[in-house]
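For reference, the structure I am asking about is given below.
The values are calculated or read from the model by the stated rules, or taken from the named source; none is laboratory data. A quick note: this is a predicted structure, and the numbers were derived from the prediction, not measured. In this analysis, Cβ positions are derived from the backbone assuming ideal geometry, glycine residues included, and neighbour counts consider all displayed protein chains.
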Amino acid sequence: MDVATLTAHDCRDLLAGREVSAVELTRAYLDRIAQVDDVVQAYLAVDEAGALAAAAAVDAKPRDERLTWEGVPIGLKDILCVKGMETTCASRILKGYIPPYDATVIAKLRAAGLIFLGKLNMDEFAMGSSTENSAFKTTRNPWDPDRVPGGSSGGSAACVAAALAPWALGTDTGGSIRQPASLCGVVGLKPTYGAVSRYGLIAFASSLDQIGPLTHDVRDAAALLDLIAGRDPLDCTSTGLIEPAGPPEGDSLKGLRFGVIKEFTGEACDAGVRRTFDSAVKAIGTLGGVCEEVSLPSVERGIAAYYLIAPSEASSNLARFDGVRYGHRHAGSQDLNEMYVRTRSEGFGAEVKRRIMIGTHALSAGYYDAYYAQAQRTRTLIIQDFADAFDHFDFLISPTSPTVAFKIGERVADPLAMYCSDLCTIPVSLAALPAVSVPAGFSDGLPVGLQIIGPHFSERNLLSMAHAFEQHVQVGTVAPLRAGSAEVTP
């Protein structure tokens, strides 16, 4: 059986039906990684020995004692702490850091018996929209290796799109799950802020970061969300879900009202993306949904607010990386201050340094009210705009990204153009809302995602709606690099 065609549910069913062992399934994905990842560059590290040992332990258990998802492999973004496994955030400053503990989501997946294939590439400290900011490698889009996979969870999205794991975990601060999901033609879900514990997630911006799934389809996304969600006493911001997310049900959108966000569908969108989005709106209408335009005036200031709030929080969170307790330390410094300066100069990349400086300036005396406080007031207006819209609509929709995947190197020298890649996703993060990106079609042969946004803690209905759309549209986004995969031999 060809692993390139398998969803996580398929893997589960093969294991449950005794058509394949956990070791055989894990070996097939490891062989696939060996065959394909030289091109995609999705993995920073593959834990072959650990994965096979964990799979063998699953096979050794009596069948009637196995858990539902036990033996299904998964890829992990390298921002999540895994006990005994190097965790770098794709940064030189954490090269060699081995966490002594599991993040809460990792502990949940370990308890469920999932097999960890390895750590996936990302923009350094999750700061970027293309995965070109990694200190170690540039991940490539399985649809076109000359193009970016998006970011910061580009390794996770490319991993799933290239069938290097049936599903993966990413993180979303301003769009870092949804935007790469759109560019790579997979499903990406950002849960409501607080639905998933952030304990053991190396922080970028604490009021925005959220862990979520990247998968082949909506059904897998709902299942993975249910595995990782929940209230956690180790994270004071976690709340869990009001009700489990899945499995998603229904194939009709009759009676549901959809607000088409005016500010995300204008000149900022490429013509091809807009055409694909218009087709998605028509498909929703065919399923019985009612689509009407809605204006959210404050979202146009979302990027400006985000790039003050997120760097401000980053400048505080990243102050802990000083070379004293863990990670890289400059050798030969004459005093403590020199060690700090040289360690951070060598350890942090250009984009991380840029954001630390912006954030430190925004928080400094004399500038706090003009920048950070003003950005927070704008955030409040954005939250209110969304709340007003949900008084009239069940869901809001937009393109996930205003463009398809762009060429590697095309925006590296233009930070503003790079930041605008998250035009449609950032306001949703500022409002702490759940949103999913679902493949909606193509522009110039490259995937386009539909972003569906729901009220707080509406994941169950949101995913059911996305599932209905997915089943109707049947985009069939199978990247060229998913051809000719390794086989599972029972």
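Identify the single condition in (1) among the β-branched types (Val, Ile, Thr); (2) closer than 24 Å to Ser176 by Cα; (3) surrounded by fewer than 23 Cβ atoms within 10 Å (Cβ to Cβ) that Val40 does not satisfy, given that it satisfies every other one.
(3)
Would you confirm, using the coordinates I've provided, whether Leu241 is among the aliphatic types (A, V, I, L, M) and surrounded by fewer than 23 Cβ atoms within 10 Å (Cβ to Cβ)? Steps first, answer last, please.
Numbers: among the aliphatic types (A, V, I, L, M): yes; surrounded by fewer than 23 Cβ atoms within 10 Å (Cβ to Cβ): yes.
Yes: the conditions hold for Leu241.
Follow-up. Working carefully through the options Thr138, Thr131, find the one that is at pLDDT 95 or above and crowded, with 24+ Cβ neighbours inside 10 Å.
Just a single option satisfies the conditions, and that option is Thr131.
If you don't mind, there's one more thing I want to ask. Write out, first by first residue and then by second, each pair whose Cβ atoms fall under 6 Å of each other, whose residues are 6+ apart or on separate chains, and whose first residue, in region 3-22, is within 18 Å of Pro62 (Cα to Cα) while the second is modelled with pLDDT under 95 and surrounded by 13 or more Cβ atoms within 10 Å (Cβ to Cβ).
Val20/Val488
Further, regarding this structure: Only one residue in Val324, Val412, Val404, Val341 is of a type in the set (Val, Ile, Thr), within 26 Å of Cys269 (Cβ to Cβ) and either over 25 Å from the mean Cα position of the chain (by Cα) or modelled with pLDDT of 95 or more (or both). Which one? Before the answer, list the steps.
Working: Val324 fails: within 26 Å of Cys269 (Cβ to Cβ); Val412 fails: either over 25 Å from the mean Cα position of the chain (by Cα) or modelled with pLDDT of 95 or more (or both); Val341 fails: within 26 Å of Cys269 (Cβ to Cβ).
The match here is Val404.
Scanning region 20-49 for residues that are touching a Phe, Trp or Tyr at 6+ places or on another chain (Cβ under 7 Å) and in a helix (DSSP H, G or I), which turns out nearest to Gly113 (Cα to Cα)?
Going residue by residue through region 20-49, those that are touching a Phe, Trp or Tyr at 6+ places or on another chain (Cβ under 7 Å) are 33, 37, 44, 47.
Applying the additional criterion that residues be in a helix (DSSP H, G or I) yields 33, 37.
Numbers: Ile33: 21, Asp37: 25 Å.
Top of the filtered list is Ile33.
Mind listing just one residue for me: the one in region 375-390 that is farther than 16 Å from Ala304 by Cβ and surrounded by fewer than 15 Cβ atoms within 10 Å (Cβ to Cβ) and, of those, farthest from the chain's Cα centre (by Cα)?
Asp388
Could you go through region 334-344 and let me know if any residue there is outside any helix (DSSP H, G or I) and either closer than 29 Å to Val412 by Cβ or among the acidic types (Asp, Glu) (or both). Outline the logic, then answer.
Kept after step one, since they are outside any helix (DSSP H, G or I), are these residues of region 334-344: 334-335.
If we keep only those that are either closer than 29 Å to Val412 by Cβ or among the acidic types (Asp, Glu) (or both) too, we end up with 335.
Checking region 334-344: at least one residue is outside any helix (DSSP H, G or I) and either closer than 29 Å to Val412 by Cβ or among the acidic types (Asp, Glu) (or both).
Only one of Ala245, Ala203 is modelled with pLDDT under 95, of a type in the set (Gly, Ala, Ser), in the same structural domain as Pro434 (by TED's automatic domain parsing) and within 18 Å of the chain's Cα centre (by Cα). Can you tell me which? Steps first, please.
Working: Ala203 fails: modelled with pLDDT under 95.
Testing whether each residue is modelled with pLDDT under 95, of a type in the set (Gly, Ala, Ser), in the same structural domain as Pro434 (by TED's automatic domain parsing) and within 18 Å of the chain's Cα centre (by Cα) leaves just Ala245.
Within region 173-196, is even one residue over 20 Å from Val438 (Cβ atoms) and surrounded by fewer than 24 Cβ atoms within 10 Å (Cβ to Cβ)? Break it down into steps so the answer makes sense when it comes.
If we filter region 173-196 for residues that are over 20 Å from Val438 (Cβ atoms), which is where we start, we get 173, 193-194.
Filter once more, keeping what is surrounded by fewer than 24 Cβ atoms within 10 Å (Cβ to Cβ): 193-194.
Within region 173-196 (the criterion being over 20 Å from Val438 (Cβ atoms) and surrounded by fewer than 24 Cβ atoms within 10 Å (Cβ to Cβ)), the answer is yes, since at least one residue qualifies.
Also: Among the residues of region 149-165, what is the count of those that are within 15 Å of the chain's Cα centre (by Cα) and either in a loop (DSSP other than H, G, I, E, B) or surrounded by fewer than 24 Cβ atoms within 10 Å (Cβ to Cβ) (or both)?
Of all residues in region 149-165, those within 15 Å of the chain's Cα centre (by Cα) come to 149-161, 165.
Remaining after also requiring either in a loop (DSSP other than H, G, I, E, B) or surrounded by fewer than 24 Cβ atoms within 10 Å (Cβ to Cβ) (or both): 149-153, 165.
Matching residues across region 149-165 total 6.
Condition first: at pLDDT below 95 and more than 24 Å from Pro180 (Cα to Cα). Can you find one or more residues in region 2-16 that meet it? First the steps, then the outcome.
The first filter runs over region 2-16 and keeps only residues at pLDDT below 95, leaving 2-5.
In the following step, the residues that additionally are more than 24 Å from Pro180 (Cα to Cα) were identified as 2.
Yes; the residues of region 2-16 include at least one that is at pLDDT below 95 and more than 24 Å from Pro180 (Cα to Cα).
Would you be able to say whether some residue in region 362-371 is of a type in the set (S, T, N, Q), more than 29 Å from Ala389 (Cα to Cα) and not in a helix (DSSP H, G or I)? Write out each step before concluding.
Here is the first cut: in region 362-371, the residues of a type in the set (S, T, N, Q) are 364.
Filter again for more than 29 Å from Ala389 (Cα to Cα), leaving 364.
In the following step, the residues that additionally are not in a helix (DSSP H, G or I) were identified as 364.
Within region 362-371, one or more residues are of a type in the set (S, T, N, Q), more than 29 Å from Ala389 (Cα to Cα) and not in a helix (DSSP H, G or I).
Which one is farthest from Gln210 (Cα to Cα), of the residues in region 92-144 that are assigned to a helix (DSSP H, G or I) and under 16 Å from the mean Cα position of the chain (by Cα)? Full working, then the answer.
To start, the set of residues in region 92-144 that are assigned to a helix (DSSP H, G or I) comprises 92-94, 104-111, 124-126.
Then keep just the ones that are under 16 Å from the mean Cα position of the chain (by Cα); that gives 105-106, 124-126.
Working: Val105: 11, Ile106: 14, Glu124: 16, Phe125: 14, Ala126: 11 Å.
Residue satisfying both the conditions and the ranking: Glu124.
Before we move on, is Lys119 among the basic types (Lys, Arg), out of contact with any Cys (no Cβ under 7 Å at 6 or more places or on another chain) and surrounded by fewer than 24 Cβ atoms within 10 Å (Cβ to Cβ)?
Numbers: among the basic types (Lys, Arg): yes; out of contact with any Cys (no Cβ under 7 Å at 6 or more places or on another chain): yes; surrounded by fewer than 24 Cβ atoms within 10 Å (Cβ to Cβ): no.
For Lys119, the condition - among the basic types (Lys, Arg), out of contact with any Cys (no Cβ under 7 Å at 6 or more places or on another chain) and surrounded by fewer than 24 Cβ atoms within 10 Å (Cβ to Cβ) - is not met.
Here's something else I'd like to know. Are there strands (runs of 3 or more DSSP E) fully within region 392-490 with at least 1 residues that are in contact with a Ser or Thr (Cβ under 6 Å, 6 or more places away or on another chain) and surrounded by fewer than 22 Cβ atoms within 10 Å (Cβ to Cβ)? List them.
On the way: elements: 395-399, 435-443, 446-453.
Of the strands (runs of 3 or more DSSP E) lying wholly inside region 392-490, those with at least 1 residues that are in contact with a Ser or Thr (Cβ under 6 Å, 6 or more places away or on another chain) and surrounded by fewer than 22 Cβ atoms within 10 Å (Cβ to Cβ) span 435-443.
Do you know which residues across region 218-242 are over 26 Å from Gly289 (Cβ atoms), more than 19 Å from the chain's Cα centre (by Cα) and of a type in the set (A, V, I, L, M, F, W, C)?
Listed by number, the residues that qualify are Leu234, Cys236.
Among Arg66, Arg92, which is surrounded by fewer than 24 Cβ atoms within 10 Å (Cβ to Cβ), touching a residue at least 24 places away in the same chain (Cβ under 8 Å), farther than 21 Å from Asp226 by Cβ and out of contact with any Cys (no Cβ under 9 Å at 6 or more places or on another chain)?
Arg92
For region 275-314, give me each residue that is surrounded by fewer than 19 Cβ atoms within 10 Å (Cβ to Cβ) and of a type in the set (D, E, K, R).
Passing the criteria: Arg275, Asp278, Lys282, Glu292, Glu293, Glu300, Arg301.
Right, something else. Could you tell me which numbered condition Leu227 fails, if it satisfies all but one of (1) within 21 Å of Gly240 (Cβ to Cβ); (2) assigned to a loop (DSSP other than H, G, I, E, B)?
(2)
If you don't mind, another one. Determine whether Asp270 is in contact (Cβ under 8 Å) with a residue 60 or more places away in the chain and either crowded, with 18+ Cβ neighbours inside 10 Å or not aliphatic (A, V, I, L, M) (or both). Show your work before the answer.
Values: in contact (Cβ under 8 Å) with a residue 60 or more places away in the chain: yes; either crowded, with 18+ Cβ neighbours inside 10 Å or not aliphatic (A, V, I, L, M) (or both): yes.
When the stated conditions are applied, Asp270 passes them.
(1) free of Cβ contacts under 8 Å to residues at least 40 places away in the same chain; (2) not assigned by TED's automatic domain parsing to the domain that holds Arg147: which one isn't true of Ala362, the others all being true?
(1)
Could I ask something else about it? Counting only residues that are over 18 Å from Ser207 (Cα atoms) and at pLDDT 95 or above, how many does region 227-242 have? Show your work before the answer.
As a first pass, look at region 227-242 and keep what is over 18 Å from Ser207 (Cα atoms): 227-228, 242.
If we keep only those that are at pLDDT 95 or above as well, we get 227-228.
Residues flagged as over 18 Å from Ser207 (Cα atoms) and at pLDDT 95 or above within region 227-242 amount to 2.
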